[in-house]
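Taking it in order: structure first as structure tokens, then the write-up.
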Amino acid sequence: MIGLSHYLFVAAALFCIGVYGVLTKKNAIAVVMGIEFMLNAVNINLIAFNHFMAPNHVIGQLFAIFIIGVAAAEVSLGLAIILSLYRQRHLVAIDEMDILKW
Amino acid sequence: MDQFAWLIPTLPLAAFLIIVALTYRFKLLSAIVATSFSLGSLILAISILIQKIQNPKTTETFINWLTITANQQTVLTLQMGYLIDPLAAVMCLIVTLIATLVLLYSIGYMKGDEGFSRYFAYISLFTFSMLGLVISNNYFQTFVFWELVGLCSYLLIGFWFFKPEAADASKKAFITNRWADFGFLVGIIGLFTVFGSFNFTELSAVIGLHQNTLVLLILGLLVFLGPMGKSAMFPFHVWLPDAMEGPTPISALIHAATMVAAGIYLVARGYILFASVDSVMIVIAYIGGFTALFAATIALVQRDIKRILAFSTLSQLGYMMMALGVGSMTSGMFHLTTHAFFKALLFLGAGSIIHAVHDQDIFNMGGLVKKMPITVWTFVIGSLALSGIFPLAGFWSKDEILTVTLQHHFTGLFILGTLVAFLTAFYMFRLIFIALFGDKRSNHHAHESSWTMTLPLLILAILSIVAGLVNTPWFYQWTGMSFSTFLFFKEPEIPVIHWSIAGLSSLAALGGIFVAWIIYAKQHISADKLAERFKGAHTLLLNKYYIDELYGWVFNKGMIGLGKVFNFIDHTLIDGFFDGTATLIRSTGIQLRLFQTGRLQQYALVLFVAIAAMTIWGVR
């Protein structure tokens, strides 16, 4: 029988993969993908908690849908930044983006 | 006539400005401007003196130059004005006369010099400063001109500034005077604080009411520091012998009329201040007497003609100070007057000799009497006057000084004065027998100088002969007045000759000449053997008692030691604190910079680690 802890385990694994991706990938697109992983791990948590803890309410699902919406917006914004950076400076490698340092 | 007195200093100032602004390029024109303007001052000074003789009333005119008020009350009033009394009138005459003759002489002496116009501009400024000091009616104005005199002496001693010795000598003169002037300035500020005025007339009225108070003692000694510096009294005498690095006519001007006379003049001008405290007078008298003997002994062995004359001036200034100190303003000023004539004569004569021989060492001269008779014979007249031989000017003034010294019961100073008279005659005639007479000692081509140089010599020689007569009983019987009934402090004196004192001093002077004649003209006694016999004393005198070395040592060690202390405080303590603060901030910054790498993923890592840590912390 698949219980809450299985879901939470999958979500935690997914979140860790996402963190790993964000911290280690050079490619900005991969970093954005890592962020998506982390967001979806949270989504899984929300749905799972909603299902097991309060099945009569939809509040967890509602949050998940909000997050999907916000994630879509965020990704489109992130990709736009990456694209314009690429046009300006011909780079997608995130460790070279250090002009904010000064 | 007195209302034109302000023109006396203004004319040389005008000459200075004209030369600087207009005629700087035209050398001869500059000289003519300076000389003729100075001559104008001389004529004015003579007419004012004649008027003073007819009516010896003091006139004073001034404007309030600066008034400072606080709380509707006047706290400070600085005056600019002139005070013409017999003292100022006599001094104006001396200064303008010597300056005019020196200017005339310089036309020949400075011929072909690069800075010909500059030279005449400086002398005009120098004359202006001195005359401004002489007619000044208050201590503040005196101080201003006092410093201007110091500045001009600096400029003129260092006239050939490209010579290191001249540059050093000018600095030495200026710095030595600064030390003395500091005391002077403190003194006049003190006078103002205590008595509320700078004005000579007002101060005389107030000080006359006080006698022998401690405040007056302190102020008197402080103010006397100024004249000690300017008149080169021991221990401030070191600058005067070095001042001969300037052109020789300048030495004549400095030694006779302007710079060193300023000190004597100021003591006479502020006489009431010094005379009101007995111990100040005693200090003045003994400093003067000591300087007279001290300098005369040094002059015995010097080889440089100008240096001998410089030490002779020191010695004679000591005489004047001594006379002022024992309480006779008349005899001090009388000696200043006669000394101005024969010392200017001697310096200008020395200049003429140097001009001809191109050497200053008396042992390289000799045999000049046939080549340049006017110079030599006027020089001899000057020396006789300086030695105090009857009836030349020096005899009367020196006799007067010795008489008053004895009258005021300074027996020690009287003996000292007589001894100095002997020494003076000896060193002057040593100079004459070696440098002017005898055999030619080097391969020089001496020739008589041009008329612009010999004319001042002749005028000064005549003055050196007759100037003393104005204070003789005969002159008094003839005209009904004399120097001592014209210029005096408190009581006029009728001149009298004290035959015993005059005889004693004449004997001393003749003895000095005789000894010099035996040693240097007849060479019965070898000078070299004498020097060998008294080797220690000779070396001591030759090195001027090592005073310069002593000062050099004290100031070098003291100044460098002090400098090291301040250097430590400044560089180690103060700089250390501020530099340390800066270094600390900088190094902190460098360390903190490492955290700010600009790498997003690093930031993100920190973020996640922090969140993880907080989560774990929170869960527990």
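Points worth noting:
Let's see how each residue does on (1) more than 26 Å from B:ILE305 (Cα to Cα); (2) out of contact with any Phe, Trp or Tyr (no Cβ under 6 Å at 6 or more places or on another chain); (3) of a type in the set (S, T, N, Q); (4) modelled with pLDDT under 90:
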residue: B:ASP399; (1), (2), (3), (4): yes, yes, no, yes
residue: B:GLN407; (1), (2), (3), (4): yes, yes, yes, yes
residue: B:ALA421; (1), (2), (3), (4): no, yes, no, no
residue: B:ILE434; (1), (2), (3), (4): no, no, no, yes
residue: B:GLY438; (1), (2), (3), (4): no, yes, no, yes
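- The one condition in (1) closer than 23 Å to B:ILE611 by Cβ; (2) surrounded by 13 or more Cβ atoms within 10 Å (Cβ to Cβ); (3) within 14 Å of chain B (Cβ to nearest Cβ); (4) not small (Gly, Ala, Ser) that A:ILE67 fails to fulfil: (3)
- Residue count for the range B:538-551, restricted to those that are surrounded by 14 or more Cβ atoms within 10 Å (Cβ to Cβ) and more than 19 Å from B:ALA310 (Cα to Cα): 1
- Enumeration of residues in the range B:270-286 that are among the β-branched types (Val, Ile, Thr) and either surrounded by 22 or more Cβ atoms within 10 Å (Cβ to Cβ) or not assigned by TED's automatic domain parsing to the domain that holds B:MET333 (or both): B:ILE272, B:VAL277, B:VAL280, B:ILE284
- Failed condition for B:PHE395, given (1) over 21 Å from B:SER482 (Cα atoms); (2) in contact with a helix residue (DSSP H, G or I) (Cβ under 7 Å, 6 or more places away or on another chain): (1)
- Of all residues in the range B:444-503, those that are touching a Leu at 6+ places or on another chain (Cβ under 7 Å) and either surrounded by 18 or more Cβ atoms within 10 Å (Cβ to Cβ) or not polar (S, T, N, Q) (or both) total 13.
Conditions (1) under 23 Å from the mean Cα position of the chain (by Cα); (2) touching a residue at least 60 places away in the same chain (Cβ under 8 Å); (3) surrounded by fewer than 19 Cβ atoms within 10 Å (Cβ to Cβ); (4) assigned to a helix (DSSP H, G or I), marked per residue:
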| residue | (1), (2), (3), (4) |
| --- | --- |
| B:LYS172 | yes, yes, no, yes |
| B:ILE188 | yes, no, no, yes |
| B:ALA232 | yes, yes, no, no |
| B:LEU240 | yes, yes, no, yes |
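- Test: residue in the range A:28-39 that is away from chain B (no Cβ under 14 Å), of a type in the set (Gly, Ala, Ser) and free of Cβ contacts under 8 Å to residues at least 24 places away in the same chain: no
- All of B:ILE497, B:ILE547, B:ILE513, B:ILE519 fail the test of being more than 30 Å from B:THR330 (Cα to Cα) and either in the same structural domain as B:TRP396 (by TED's automatic domain parsing) or outside any helix (DSSP H, G or I) (or both), apart from B:ILE519.
- Residues that are closer than 18 Å to A:MET97 by Cα and not in a helix (DSSP H, G or I), drawn from the range A:20-71: A:LYS25, A:LYS26, A:ASN27
- From B:LEU39, B:LEU66, B:LEU103, residue being closer than 14 Å to B:PHE128 by Cβ and either outside the structural domain of B:GLY332 (by TED's automatic domain parsing) or assigned to a strand (DSSP E or B) (or both): B:LEU103
- Test result for B:THR597, polar (S, T, N, Q), loosely packed, with under 11 Cβ neighbours inside 10 Å, within 14 Å of chain A (Cβ to nearest Cβ) and without any contact (Cβ under 8 Å) to a residue 12 or more places away in the chain: no
- All positions within the range B:45-63 that are exposed (fewer than 15 other Cβ atoms within 10 Å of the Cβ), of a type in the set (A, V, I, L, M, F, W, C) and in a helix (DSSP H, G or I): B:ILE50, B:ILE53
- Matching residues in the range B:12-27 - criterion: being in contact (Cβ under 8 Å) with a residue 60 or more places away in the chain and surrounded by fewer than 17 Cβ atoms within 10 Å (Cβ to Cβ): B:VAL20, B:TYR24, B:ARG25, B:PHE26
- Matching residues, the range A:1-57, being of a type in the set (D, E, K, R) and modelled with pLDDT under 90: A:LYS25, A:LYS26
- Residue under evaluation B:PRO9, criteria (1) crowded, with 24+ Cβ neighbours inside 10 Å; (2) not in a helix (DSSP H, G or I), criterion not met: (2)
- None of A:ALA93, A:ALA73, A:ALA80, A:ALA54 is within 14 Å of another protein chain (Cβ to nearest Cβ), more than 19 Å from A:LEU14 (Cβ to Cβ), exposed (fewer than 12 other Cβ atoms within 10 Å of the Cβ) and out of contact with any Pro (no Cβ under 7 Å at 6 or more places or on another chain) except A:ALA93.
- The sole residue among B:ALA582, B:ALA604 that is within 14 Å of chain A (Cβ to nearest Cβ) and among the small types (Gly, Ala, Ser) is B:ALA604.
- Number of the exception - B:LEU540 against (1) within 14 Å of another protein chain (Cβ to nearest Cβ); (2) assigned to a helix (DSSP H, G or I): (1)
- Filtered by the rule that a residue be in a helix (DSSP H, G or I), within 30 Å of B:ASN212 (Cβ to Cβ) and not β-branched (Val, Ile, Thr), the range B:249-275 gives B:ALA261, B:ALA262, B:GLY263, B:TYR265, B:LEU266, B:ALA268, B:ARG269, B:TYR271, B:LEU273, B:PHE274, B:ALA275.
- The residue list B:THR127, B:THR77 contains one member that is over 16 Å from the mean Cα position of the chain (by Cα) and not in a loop (DSSP other than H, G, I, E, B), which is B:THR77.
- B:LEU203 on the phi < 0 side of the Ramachandran plot and in contact with a strand residue (DSSP E or B) (Cβ under 9 Å, 6 or more places away or on another chain): yes
The values are calculated or read from the model by the stated rules, or taken from the named source; none is laboratory data. Everything numeric here is computed off the predicted structure, so don't read it as measured data. Neighbour counts are summed over all protein chains in view; Cβ atoms, including those assigned to glycine, are modelled from backbone coordinates with ideal geometry.
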